[in-house]
Amino acid sequence: MSRSPSFSVKSELVSEVDEKALHQWVVAFCIIRFDLEQGQLIEECYPPGCLTQNEELQVAFSSFPDSVSQQHNRSSIHDCIFFFRIRRHGEYRASNVGSSKTNEVDNNLILQGPLHADPQKGKNHYNSRYLYGFVFNRQRHDERLKRGGEQKSVVILSHSPYSSVFRPLLQIMGPLYFDIGKKALTHIANCVSMWPTPVPGNLMVLPIGNALLQVNLPPPHSLPSNSGIFEDSASSLAPLLPSNLSVPQGLFHDSDLFGTFRGLLMHLWKLWEVLLIGEPILIIAPTPPQCCEAVAGLVSLVAPLLFSVDFRPYFTIHDPEFSILNTLPEGAAFPPMVLGVTNLFFLKALRNMPHIVSVGTPVSNSTRINTDLRASNGGISAQEERLNFQHLSVRKFTAANFLNAVKLKRDGPLCLMTEHKEAVWSNYASVTKPDTSILNRLVDAGLSPRVEESMSVVNNDILRRHFLELTTNFLAPFGPYFRANTPSEGSSPYADPPSLPSFSTEEFLSTLSERGPGKFLLKRMRSNWLDLYRRFLKGHNFLPWFRRKRAVAEQEQYKLWRQARIRSNINQLITQMSELEIVDSFNAIERNLQGEMQACLFLGMQWNVVDKLWNRGTHIVVFLKWNDMATALEYGKANEDTEDVCMKLKKDLQIVFKVLPQDLQQLLIMNPSRASLLQENLECSDQPRHPVPSLPTSGDVSFAESQ
């Protein structure tokens, strides 16, 4: 297989790669060879030294199919693309296997306040506990070679699940490596390091050589974050169906949902519920590409919900977590995860998995990947990179199909040991009924590959829109808990915003039972629909999603009140206030001003703002505790106008101070730090400025008074 003729490598020397810029997209590029005597070996890793020894082993074992495809022609070459996900930091937590009590929402649970943040993590640094590996695997069969062939894999490792970026990139990089060798790694790394910073939810135009990748990144609300600052937009809070479905609403928006599950379409609604409540699922397929496509398709099914269950698109017996799963006590519950496997041994080792799904069809020849950049705009179509599945007709309900389903259920998953069949084994009684109107709209294109590809795009859009609407309507009853408040007309925007409504499980279920879930769900769910909400509240997806939404709502509410303070006219407001209200306003403005300055100090931004606010000969006293990090983040949040806001608030503070009684003024200025805030002349050009001390890495920050 040769690289696309539209991609060329410049002959001049590649400039030094900016590894910091590269790390925004890629952790490492690896070349892994299967050695007959030593097993999987990493031949090249760029940049070097970015993986631990255990990580190298895990990446190497995950980068090859469990077995070499058979029935190939002599001297043939077969390529495939798939991806995996491995845990990067820490050991597997056995507590995940525990009872549902750890995930059950307490009846009196009140979720309030912003999430805590890790200041060492950047805003684009998503959940680094996991590493994603995107693999271009080449099997070369030659009877003249030892054991009749050889295998090599080109792997892109990243912290981000950007399959829409890395799969087309592999279509270029994989063949390029087999053409020019390890020089391909530095060439591609140099191109990637010059890419703009990834912006989740946006269309990115990424040059690679003389080609362009035009891809949509998944939205911020679908990506886990270790940072206290969320990039979710306010629109993501509203339970509304987006009008433009070409914009991704969740992870793996480009997965071939129809092509993967066309033989199991009637089961998609049951699988949607199982994913929603976070129960473990085992997916088995004949090949890694079919396997990881199935896992990606299922994860995309619950968009726009933040999917918090661990998922492994391609899981092998060499993964260190397999030994834990394999030794679970009899009757112990499996941890919430979606496992994609190709090794039939898992059917015996994990036979107690509550939900097992068999997808795909065995192929005698691995499908070759077409890397021709046929898109007229110079980009790679997401559908063009898809691996073709054997053509199957959309299954309609017939007596024969029903009898076959009964026989499969009776035989159990172990029947796959003798012959691979598409089936679902689960005792879960679903609440949602399959929507036959959606199934009837799907187009069966027959056996024409060209027509099949275009029809698959149409069918995927139909299915994705339906399940997006289904999930959005299911989550809609939680909307009032994310509703940001704005200052009412005539009220003071300097007061603290009211808290978002507190959440109680029993109260929520009681209210929902009285008013119902809405017409959309009532038409599609059975009478026991409230049970699905109960399971969801106890499942592993609810709390992470709910807390994330609350944090975004609080950020949005803060922005609204902050904007109101900037636009407010304090002179007009105080004319309508009593003396007690004026005193309260003074305290509120002072608190907001100190909060803005704390954000500047803590986040290391706009140090000149604080420098301008130093008093003559007296430090501003700022007490900032490490565990008050979220409070600091609540103010400012990297706003570029922080300096102007500080000046505005200080002027407002001085105006309010002047209308206070004189005896109260004397009492207030006895505090040196408050006196410094009330000083009219902000510029202290005639006095030496005090150096701003650097922030420590832990503990309290205390700028004490000095005269």
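Neighbours of Asp411, meaning other residues whose beta-carbon lies under 13 angstrom from its beta-carbon, give a summed charge of +3 when Lys and Arg score +1 and Asp and Glu score -1. Per-residue 3J(HN,Hα) values for the stretch 262-279, derived from phi via the Karplus relation 6.51 cos²θ - 1.76 cosθ + 1.60 with θ = phi - 60°, read 5, x, 10, 4, 5, 8, 4, 5, 5, 5, 4, 5, 4, 5, 4, 8, x, 8 Hz in sequence order (x marks Gly and Pro). Counting other Cβ atoms within 10 Å as a rough exposure proxy, the listed residues Val431, Val424, Val154 run Val431, Val424, Val154 from fewest neighbours to most.
Every number in this text was worked out from the coordinates using simple rules, so none of it is lab data. Predicted, not measured: the structure shown is a model, and the values here were computed from it. Using ideal geometry, Cβ is built from the backbone for each residue, glycine included, and neighbour counts are taken over all protein chains shown.
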